[in-house]
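K.L.:
Have a look at the structure that comes next, please.
Each reported figure results from applying straightforward, stated rules to the coordinates on display, with no laboratory input. This one's a predicted model, so the numbers in the text were calculated from it and none came from an experiment. Note that we place each Cβ from the backbone using ideal geometry, even for glycine, and neighbour counts take in every protein chain shown.
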Protein chains: 2
Amino acid sequence: MTVHTRVRNRLSPEERRSQLLDLGVRLLATRSLDELSIDLLAEEAGISRGLLYHYFGNKHDFHEAVVRRAADDLIEQTAPPPEGEPLDRLLASMSAYVDYVVANYEGYLSLVKGAASGNETLRQIYDDAMTVLTDRVFVEDALHEILEDTPATRLVVRGWASMSEALVLQWVKDPAGVSREQLDEILAGSLPALVETVTASARRTSSTT
Amino acid sequence: MTVHTRVRNRLSPEERRSQLLDLGVRLLATRSLDELSIDLLAEEAGISRGLLYHYFGNKHDFHEAVVRRAADDLIEQTAPPPEGEPLDRLLASMSAYVDYVVANYEGYLSLVKGAASGNETLRQIYDDAMTVLTDRVFVEDALHEILEDTPATRLVVRGWASMSEALVLQWVKDPAGVSREQLDEILAGSLPALVETVTASARRTSSTT
């Protein structure tokens, strides 16, 4: 107990804030953003609302900080393994994405909805995360083993990300006989399949002009 | 003029309502739903607000009726031609979809956003239209020349529809060097490519068990 108290007391304000954000993200996993209140966080953290306002200013800033942390977690947890074949690394990354959505379904869904509804803060955080995730596909495939970096493949990777999101959200709600293994393979396998569509289209277009 | 007045006078209330809905849909093409007011429709139709409330009850019912009509238009305009190879018919249908989004960008975007934001009426109209459009893929391909009807292909077709929507909305905002012809081919070509992913995954899954 003494050790625990000492460790706790030695947390800097930044560490304490970070710890509270982690708690906020955990609470958001099974709740929509609307259901995540300062009161709930205060109760779960065992500290006063006044102290929380000290750390987060107001409810809007609190929500923004929690969602940014959640987006950072998503990006970190879906990082592909450093070694391996490009397609195996993509499969591992997409499988981690499914894990993330399954574990954080309510909060993730409310972020997606909030971003689409025109909430400017949520839209910005969502777009930033989406940009990091789609850029990463190109960074990770620096040798162009899966795809070339062209305007058309950029467009298709963004579409593939939207598709993956829709597929996983739909699958969590109703798997309809599709196994988890099959879902992972469809998510990872669809990227090279879509890129091949772009390549085939470019060949046809150039051969007809 | 006399003929015009006589024709106009002979419209039944249903026909008059339908005519007003058409006008509403035309106004919605270049406006968000929030910008489409009863006042604007009254001004454009040259009739009183009172008469419009007679036809549509209130603003909510008016919006619902216009959006349902817009969704019906989308379904009708993207109907594939009755004859031809399955992939050519799919290409024609997707090309008509791009035409629709280009011509009705603002209204379509506001429907997509409204449906995602949790507006229950818009979500229902959007889901109904999406169901008709994805079901149609299976109905039109009754001979399974493009795809089998399985839970996994149903899931993938829904994901493909979300991807197509994201791709076209993104392309209209910023084509980034992707030609219209290439966009159409990517949209139509991606469906069989995605279905092949499902088939390949099913083969792998069954061979490992």
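K.L.:
Can you compute 3J(HN,Hα) from phi for each residue in region B:80-96, using the Karplus curve 6.51 cos²θ - 1.76 cosθ + 1.60 with θ = phi - 60°, rounded to whole Hz and x for Gly and Pro?
P.N.:
My calculation for region B:80-96 gives x, x, x, 10, x, 5, x, 6, 5, 5, 5, 4, 5, 5, 5, 5, 5 Hz in order.
K.L.:
Under a point-charge model restricted to the Cβ atoms of Lys and Arg (+1) and Asp and Glu (-1), what is the dipole moment magnitude of region A:55-188 relative to its Cα centre, in debye to the nearest 20?
P.N.:
620 debye
K.L.:
In whole Hz and in residue order, list the ³J(HN,Hα) couplings for region A:97-105 that follow from phi through the Karplus curve 6.51 cos²θ - 1.76 cosθ + 1.60, θ = phi - 60°; x for Gly and Pro.
P.N.:
Calculated HN-Hα couplings, in order: 5, 4, 3, 4, 5, 4, 6, 10, 3 Hz.
K.L.:
Still on this structure, please answer the following. How much mean residue ellipticity at 222 nm does chain B get from its helices, if each DSSP H run of length 4 or more adds -39500 (n - 2.57) and you divide by all residues, to the nearest 500 deg cm²/dmol?
P.N.:
Value at 222 nm, helices only, nearest 500: -25500 deg cm²/dmol.
K.L.:
Under Stokes-Einstein, with the Kirkwood radius over Cα pairs standing in for Rh, what whole-number D in µm²/s applies to the protein assembly as shown at 10 °C and 1.306 mPa s?
P.N.:
For these conditions, the coefficient is 66 µm²/s.
K.L.:
I've got another one for you. Using the Cα centre of region A:26-97 as the reference point, and only Cβ charges (+1 on K/R, -1 on D/E), how large is the resulting charge dipole? Debye, rounded to the nearest 20.
P.N.:
200 debye
K.L.:
What nm value, rounded to one decimal, do you get for the distance between B:Gln124 and A:Thr150 when each label is placed 7 Å out toward the C-beta?
P.N.:
Rounded to a tenth, the inter-label distance reads 4.6 nm.
K.L.:
Let me ask something else about it. Mind jotting down the distance between the C-alpha centroids of region A:138-160 and region B:89-126, whole Å?
P.N.:
For region B:89-126 versus region A:138-160, the Cα centre distance is 26 Å.
K.L.:
Determine by what factor the alpha-carbon radius of gyration of chain A differs from 2.2 N^0.38 Å, reporting the quotient.
P.N.:
1.22
K.L.:
Quick one: with label points 7 Å out along Cα→Cβ, list the inter-copy distances for A:Leu23 in nm, shortest first?
P.N.:
Sorted ascending, the copy-to-copy spacings read 5.9 nm.
K.L.:
Quick check: residue separation of B:Glu106 and B:Ser32 times 0.36 nm, minus the Cα distance between them. What number comes out in nm?
P.N.:
That pair, B:Glu106 and B:Ser32, stretches by 26.1 nm at full extension.
K.L.:
Report, in degrees rounded to the nearest 10, the 0 to 90 angle that the Cα long axis of helix A:13-28 makes with the longest principal axis of chain A.
P.N.:
Computed tilt is about 60 degrees.
K.L.:
Need the list of lysines near B:Lys173 for cross-linking: C-alpha distance under 27 angstrom, and skip anything on the same chain fewer than eight residues off.
P.N.:
The qualifying lysines are A:Lys113, B:Lys113.
K.L.:
Taking the label point as lying 7 angstrom from Cα along the Cα-to-Cβ axis, what are the distances from B:Asn58 to the corresponding position in the remaining copies, in ascending order and in nanometres?
P.N.:
Those label-point separations list as 3.0 nm.
K.L.:
Compute the helix-to-body angle for B:151-173: its Cα long axis versus the longest principal axis of chain B, expressed 0 to 90° and rounded to tens.
P.N.:
Tilt of helix B:151-173: around 60 degrees.
K.L.:
Find which of B:Leu111, B:Leu11, B:Pro151 sits farthest along the positive direction of the dipole of chain B, computed with +1 on the beta-carbon of Lys and Arg, -1 on that of Asp and Glu, about the Cα centre.
P.N.:
B:Leu11
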